[in-house]
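Asks: Structure provided below as structure tokens; questions to follow.
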């Protein structure tokens, strides 16, 4: 008997931004694997099994979910945002590649979602309106000097930069160091956007210049978008400004 | 009297991937501005006004939509995918910045959506599971040598690359030229994913090595994802392979 494994992105947290496809998959699921706070958002029924784990246990969680599916369960693996962007889809693939042959025969589906940078960008205007990149600032899974090399390369190439995992209790200095590096390449007036829990009651949203960005509060759930030299701010009376990156250049 | 302007992303085209927020905004809209094929997907009511325009008339469309909102209408500007990624949100911002002062007082909301690269990535596995970028291959709005410089910079930096607007009747050679350039930096075995109309009846999906990528069909609605040197393919019996970029490196 073979089950089914669906990897779901719930979007940024506002229920209005969860796709119907994801909602249907959640309704059909029997066992749910994920980081506790993401599972809390699902309002599971009493007959649905909740297997919460810590944020840093992705590969163990992936193996447990694959094992449950291989025993016949209808399994959902839950990420916030999009499951393919610094989230569980890659962990599941890694577990399949290194796991028993039978896991390659499982019915595995990935359902996309609205990833954090898109929600933060929409709240700001259109800062991702031109070429952009997404870089995780966590040096748990890659060396810090590689992160610095990448930041310098993309800033010099003129891409807007979305930073995921910018800071945590165990990684307190990386974000300020990244801003310092970027100030060597970009004008200090470059717009920087901080977005956290966009569309939720505890939303934090701020826009300021790169030269003062290190003074903004941020945590591991914040997405930071750093403009290019082209990114513009339109002031509006009584409202947040619009921040956008023009479609054309040169 | 002042209206309201909402910039909507309908997602990749499968109705199950349109957010409830976008669906609600469509139900509440009075006038709809967008590229004809995107408006066709909305199933508008007879009382809702449809203003279709050609794909290359973004700034004129933006001005017409802002003008209608300033006259009191509830206006929806419609993009496929996410409106902030190479789509209408930036055109609206540009029109506001260069337009009459009254447009800065309008109630403007951007609703994010699932952008094409996330849907294509989900179909493939998790190719965007590590640092990645999105680059438009259209040289209508930026010089071709800038595109080449960016492609080389991001490939050398090890980012996965999602290409938007890879090819059109007026731009027939750019995609093959991009592949040629990338073969100078990346192994010829690097996985390349072609995705078009994912989740719709006319879906096209293919995975192959960079060395043969120029032989694949593509059009302006195709999103092309080019892996990094780390991106891996997991073969599966009787199913498409899983393509993923590992979470860790180095």
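Asks: What value in Å³ per residue do you get for the convex hull of the alpha-carbon atoms in the stretch B:97-148? Mind dumping the intermediate values first?
Replies: On the way: hull volume 7.6 nm³, N = 52.
Measuring per residue, one finds 147 Å³ for the Cα hull of the stretch B:97-148.
Asks: Give me the angle, in degrees from 0 to 90, between the Cα long axis of helix A:58-70 and the longest principal axis of the Cα atoms of chain A, rounded to the nearest 10.
Replies: 30 degrees
Asks: A further question follows. Run through all the Cα pairs of the protein assembly as shown and give the fraction in each 10 Å bin from 0, expressed as whole percent.
Replies: Computed distribution, short to long bins: 4, 21, 32, 28, 13, 2, 0.
Asks: Quick check on the stretch B:66-154: take the gyration tensor over C-alpha atoms, sort the square-rooted eigenvalues as a ≥ b ≥ c, and tell me if it's rounded (a/c under 1.5), prolate or oblate.
Replies: Working: a/c = 3.36, a/b = 1.65, b/c = 2.03.
It comes out oblate by the Cα gyration axes.
Asks: So what is the calculated 222 nm ellipticity per residue for the protein assembly as shown, using -39500 (n - 2.57) for each DSSP H run with n of 4 or more, over all residues, to the nearest 500 deg cm²/dmol?
Replies: Numbers: 14 runs with 140 residues, N = 500.
Taking each H run of at least 4 residues, the total per residue is -8000 deg cm²/dmol.
Asks: I'd like the distance between the alpha-carbon centres of the stretch B:179-250 and the stretch A:222-244, rounded to an integer number of Å.
Replies: One Cα centre to the other: 34 Å.
Asks: Using the C-alpha gyration tensor of chain A, what are the square roots of 5 times its eigenvalues, in whole angstrom, with the largest one first?
Replies: Equivalent ellipsoid of chain A: 36, 20, 15 Å, largest first.
Asks: Fewest first, what order do A:66, B:44 take by the number of other Cβ atoms within 10 Å? Working shown, then result.
Replies: Numbers: A:66 24, B:44 16.
Least crowded to most crowded, the residues run B:44, A:66.
Asks: Name the chain B residue with the Cβ nearest the axis that maps B onto A: which is it, and what is the distance in angstrom?
Replies: B:133, 2
Asks: At residue A:145, label 7 Å along Cα→Cβ: distances to the other copies, nm, ascending?
Replies: Ordered by increasing distance: 3.3 nm.
Asks: For B:131, A:40, B:67, what's the fewest-to-most ordering of other Cβ within 10 Å of each Cβ? Please list the in-between numbers first.
Replies: Values: B:131 26, A:40 12, B:67 16.
The order, fewest Cβ neighbours first, is A:40, B:67, B:131.
Asks: Put a point 7 Å out from Cα along the line to Cβ at residue B:206; what are the distances to that point in the other copies, in nm, shortest first?
Replies: Those label-point separations list as 5.0 nm.
Asks: When only alpha-carbon atoms count, how far does the stretch A:116-244 stretch along each of its three principal axes, as whole angstroms with the largest first?
Replies: Taking the Cα atoms of the stretch A:116-244, the three principal extents are 43, 32, 23 Å.
Asks: Moving to a separate point now. Could you state the angle between the C-alpha long axis of helix B:88-98 and the longest principal axis of the C-alpha atoms of chain B, as a value from 0 to 90 degrees rounded to the nearest 10?
Replies: It is inclined by approximately 50 degrees.
Asks: Okay, moving on. Cα centroid distance between the stretch A:1-70 and the stretch A:73-132, in Å?
Replies: Using only Cα atoms, the two centres lie 12 Å from each other.
Asks: Over all alpha-carbon pairs in the stretch A:69-111, figure out the percentage whose distance exceeds 16 Å.
Replies: Details: 339 of 903 pairs.
The proportion of pairs with Cα distances above 16 Å equals 38 percent.
Asks: What are the nm distances, shortest first, from residue B:105 to its equivalents in the other copies, labels at 7 Å along Cα→Cβ?
Replies: Here the equivalent label points are 6.9 nm apart from this one.
Asks: With only alpha-carbon atoms in the gyration tensor, what are the semi-axes of the equivalent ellipsoid for the stretch B:122-184, in Å, largest first?
Replies: Working: eigenvalues 83, 41, 22 Å².
Its equivalent ellipsoid spans semi-axes of 20, 14, 10 Å.
Asks: What do you get for the angle between helix B:174-183 and the principal long axis of chain B? Use alpha-carbon atoms, 0 to 90 degrees, nearest ten.
Replies: 40 degrees
Asks: Compute log10 of I(q)/I(0) for the stretch A:2-55 with the Debye formula, placing one identical point scatterer on every Cα and leaving out solvent, at q = 0.15 Å⁻¹, to two decimals.
Replies: The Cα Debye sum returns log10 ratios of -0.40.
Asks: State, in angstrom, two size descriptors of the stretch A:4-110 derived from its alpha carbons: Rg to one decimal place and Dmax to the nearest whole number.
Replies: Taking only Cα atoms of the stretch A:4-110, I get Rg and Dmax of 12.5, 39 Å.
Each value in this text was obtained by applying a stated rule to the coordinates, not by laboratory testing. Since the model is a prediction, treat every value here as computed from it, not as a measurement. Here the Cβ is made from the backbone with ideal geometry for all residues, glycine too, and neighbour counts use every protein chain on show.
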